[in-house]
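The values are calculated or read from the model by the stated rules, or taken from the named source; none is laboratory data. Please read these numbers as outputs of a predicted model, since none were measured by experiment. Virtual Cβ from ideal backbone geometry, glycine too; neighbours counted across all protein chains shown.
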Amino acid sequence: MTPVILLAAEKKSAEVTDWAARLGWLVGLALFIALVYWLMREGWKWRGTLQGDLPELPSAPDEPGEARLTVLSMSGRYHGSTTAGQWLDRIVAHGLGTRSRVELTLTDAGLDVVRPGASDFFVPAAQLREARLDKGIAGKVLTEGGLLVVTWAHGDRLIDSGFRSDRAAEHTEWVEALNLMINKTEGAR
């Protein structure tokens with residue numbers, strides 16, 4: 001055979017596509033991805049079951065008291081909660097692992113956390129332990145000081161909850177106000 005005929009034969013064989021094999025690979029890949037997502041979901045549910053001993057989250061009192069800051073609330077993002085001091089040990093029980101928008105309000109009674117589309121909760125002033133600026137919490141890493149982390153007691157656990165304001169300049173004011181409130185509450189005990 002001449003080289004032109006060989007090239008034409010090679011080109012013709014390259015144009016033939018084995019659609020059944022391609023379709024089989026696509027179906028296999030889709031099933032593998034579905035399996036991975038299902039395993040991730042089951043892992044999330046299992047973690048919630050392991051944390052089932054965590055008491056129900058308190059709700060805000062009817063009379064929360066006077067707002068502590070000149071800005072009554074801070075809007076931003078709630079990035080999740082972890083076991084205090086272990087920034088990768090996410091807590092998912094009672095919806096604490098669900099990231100969402102957030103409105104924070106600090107009053108004499110405590111910290112009110114309102115989350116549209118997720119479970120709201122309230123941290124009584126006596127349960128607040130510390131506020132600080134940090135760079136990360138499970139699932140979110142920012143620049144140094146880009147995250148407001150509030151440590152609070154719930155049941156027999158200490159929990160770190162991470163928040164990021166829409167206006168990051170507010171973080172320092174919140175840390176100062178929360179720590180001042182914590183120091184006053186500890187002095188009254």
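Considering 141, 102, 114, the condition of being aliphatic (A, V, I, L, M) and either closer than 23 Å to residue 50 by Cβ or touching a Phe, Trp or Tyr at 6+ places or on another chain (Cβ under 7 Å) (or both) is satisfied by 102 alone. Considering region 84-123, the residues that are part of a loop (DSSP other than H, G, I, E, B) and on the phi > 0 side of the Ramachandran plot include one that is surrounded by the fewest Cβ atoms within 10 Å (Cβ to Cβ), namely 117. Residue 85 - would you say it is under 30 Å from residue 42 (Cβ atoms), modelled with pLDDT under 90 and in contact with a Pro (Cβ under 7 Å, 6 or more places away or on another chain)? When the stated conditions are applied, residue 85 does not pass them.
In region 15-62, the qualifying residues are those that are among the acidic types (Asp, Glu) and outside any helix (DSSP H, G or I), and the one that is surrounded by the fewest Cβ atoms within 10 Å (Cβ to Cβ) is 62. Only one of the numbered conditions (1) more than 23 Å from residue 153 (Cα to Cα); (2) over 27 Å from the mean Cα position of the chain (by Cα); (3) modelled with pLDDT under 90 is not met by residue 30, and that is (3). Out of all the residues in region 130-153, is one or more of a type in the set (A, V, I, L, M), in contact (Cβ under 8 Å) with a residue 60 or more places away in the chain, part of a helix (DSSP H, G or I) and touching a strand residue (DSSP E or B) at 6+ places or on another chain (Cβ under 6 Å)? No, because not a single residue in region 130-153 is of a type in the set (A, V, I, L, M), in contact (Cβ under 8 Å) with a residue 60 or more places away in the chain, part of a helix (DSSP H, G or I) and touching a strand residue (DSSP E or B) at 6+ places or on another chain (Cβ under 6 Å).
Filtering region 154-168 to residues that are among the small types (Gly, Ala, Ser) and part of a strand (DSSP E or B) leaves 161, 162, 165.
Out of the residues in region 141-176 that are among the basic types (Lys, Arg) and over 16 Å from residue 94 (Cα atoms), which is nearest to the chain's Cα centre (by Cα)? First the steps, then the outcome.
To start, the set of residues in region 141-176 that are among the basic types (Lys, Arg) comprises 157, 164, 167.
Checking which are over 16 Å from residue 94 (Cα atoms) leaves us with 164, 167.
Working: 164: 11, 167: 19 Å.
Restricting to residues being among the basic types (Lys, Arg) and over 16 Å from residue 94 (Cα atoms), the top hit is 164.
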